[in-house]
Each structure stands twice: as C-alpha cells, then as structure tokens.
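Single-structure report; data block below.
The values are calculated or read from the model by the stated rules, or taken from the named source; none is laboratory data. Computed from a predicted structure; not experimentally measured. Counting neighbours? That spans all protein chains shown, and the Cβs are built from the backbone with ideal geometry, glycine included.
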Amino acid sequence: MADGTLKVGTITTSSGSGTITLGQSGETIAIPSGVTLTNSGTASGFGVPGITSSSTSGTALNITASNNLEISAGKNLTFSSSTAPLVNIDNATVTVTLTNGSSIDYVANSGIWGFCDHTATGQTAIFVGGGGSTAVFQAFSTYSNTSGSGQIRFFYNAGTSAHRLQNNTGITITVSCFNIKLRSST
C-alpha cells in the first residue's frame, strides 16, 4: 500500500474483540502536537519500570527539568514494606531567604527538621517536634526554640497551628531546611 492518510472514526477488530496492533517492530508511532490521547479503559506498558500509580487526579509526584524529585504539598511518601528503607535526603532540601524579623510557617506535624544557615558560618541544628513542643539539638547557639535576639528561632506557633522559622539575627539569612514527617498533628 502506498503512503497515505487513513481517515476513520473508529477502528475495531473484525471479530469485535482481541488486539489491534499499530505498526511493527522498529517503527515509531508519532503523536503530533495538539493531539490528546484519552484513556477510558486500561493502559499498560506506558509507565516507568518499577513505578506504579493509582492516582486519579492531580500531580502527586513530579520530576523537574533539573532532575529533582518533588512530592506535591499535602501528599505523603509511604513505604509498603515492613522493613524501613534507607531514605537519602542528600540535597533534598528547600532553601529560603528571610529578612530580619520575617518568618515562614511549616505544616504542623510530629517529626524532625534540619536547618543549615548559609549566610554566616554554616551552622546547623536539628529540631524534634510533636504537637506544641519543639526541642533543639545543636553545637552552637545560633538556633533557638524560644524568643531571643541574634538567633534563628524555630517553634510551634499556636496562632497558625504551624511550626515557624523566624529570623531574629539582625541580617538577611539564607537557610536550607528539610523535614521528615513521623505523623500528622491530629
């Protein structure tokens, strides 16, 4: 058959059931720009090996152009095995810049937070929080869970029902932070 265009509204098998094959090994099926594929049935073989999805709407997981893995706000990373895997959080941080006196709120949960100040000496702190309490572990006195001047403060803010990172250092700071959620606040 010569090259050409097949114009039909529906393609079905001659028997009414079975498999329809488009192309053959070594060929490519091109889907032009502006074309939408709508799946009203079951699709298989389209996903990334080792990854399955039961999501029916929205985007829970995103791989950015710079190859960063993002888990959308309000979504959780859940492990299905009874053996906890090693979670590598190297470079899995969020960096914020706070002017003196400004703050940022984090969704309240029981968990572990880590902070590193890039502005001064790279001082770090680990906070463990649950409900309305937050304990701090650090080698320096830059971070605090109580109010004070000259400090980066991390505390539970009952007014917003969130954990708050607040800059009281007198200068603008850039801080990288991560959070490992152990359970929700409720």
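With respect to (1) at pLDDT 65 or above; (2) closer than 14 Å to Asn179 by Cα, the lone exception for Thr93 is condition (1). Would you confirm whether or not segment 160-180 contains a residue that is modelled with pLDDT under 75, surrounded by 13 or more Cβ atoms within 10 Å (Cβ to Cβ) and assigned to a strand (DSSP E or B)? Within segment 160-180, none of the residues are modelled with pLDDT under 75, surrounded by 13 or more Cβ atoms within 10 Å (Cβ to Cβ) and assigned to a strand (DSSP E or B).
Does segment 101-114 contain at least one residue that is under 30 Å from Asn167 (Cα atoms) and at pLDDT below 65? Write out each step before concluding.
Taking segment 101-114 as the starting set, the residues that turn out to be under 30 Å from Asn167 (Cα atoms) are 101-114.
Adding the requirement that they be at pLDDT below 65 leaves 108.
Checked against the condition, which is being under 30 Å from Asn167 (Cα atoms) and at pLDDT below 65, segment 101-114 yields at least one hit.
Within segment 146-159, track down each residue that is in a strand (DSSP E or B) and not β-branched (Val, Ile, Thr). Matches in segment 146-159: Gln151, Arg153, Phe154, Phe155, Tyr156, Asn157.
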